[in-house]
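To start, the structure itself, in structure tokens.
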Amino acid sequence: MNSEKLRELLNRAVTAGLKKPTVEPNISETELGFRLKRLITTEDTIQNEILQFLINEPSFDIFNNKMFYNGFGGSQVTLNTLMSWLLYSCDTNGVDKTIANLENYLSIEYTPANELLAISGVEIDSPAEISPTIQIVPFSSFPLSEVIRMLDPHRVEAKKVI
């Protein structure tokens, strides 16, 4: 990967301005709201240059119309998805950290993951370590997501009232 060229393009995007979408307050705290907030853009000409760079870099073929699977299904990933992530990450972490994270991801042989399982009938107030790699944590500590919404619809309703 030509890190210097990518750094130059991302710095130009940041300098030109990263535009965040406007999210209506009533959907701001929903999964859709969280997804919309990540759709950061910059000037069209710079976005086109970034996309062209991604197309021409062989190391990004793994992002070109591929399916990425997780424990609950999968989603299609495209070079546009990668570009959106790059812009979002630049806004959140800065250009250097974004490139470091991307280089790290490209260098690993597998994708590390955490699996979250809801255990009914078990209630705890604070995290409990079962082993160095397994913890039981309070269900209420998980951020609102589609999975939480599905498992505990009352939590979603309570959050709306507050």
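What is the extension gain from E109 to D96, computed as 0.36 nm multiplied by their sequence separation minus the C-alpha to C-alpha distance, in nm to one decimal?
2.4 nm
Could you give the length gained on full extension between I130 and D44, defined as 0.36 nm per residue of separation minus the Cα-Cα distance, in nm?
Values: separation 86, 0.36 × 86 = 30.96 nm, distance 5.01 nm.
Fully extending the segment from I130 to D44 adds 25.9 nm.
Read-outs: derived from the displayed coordinates by stated rules, not from any lab. Given the structure is predicted, the values throughout are model-derived calculations rather than measurements.
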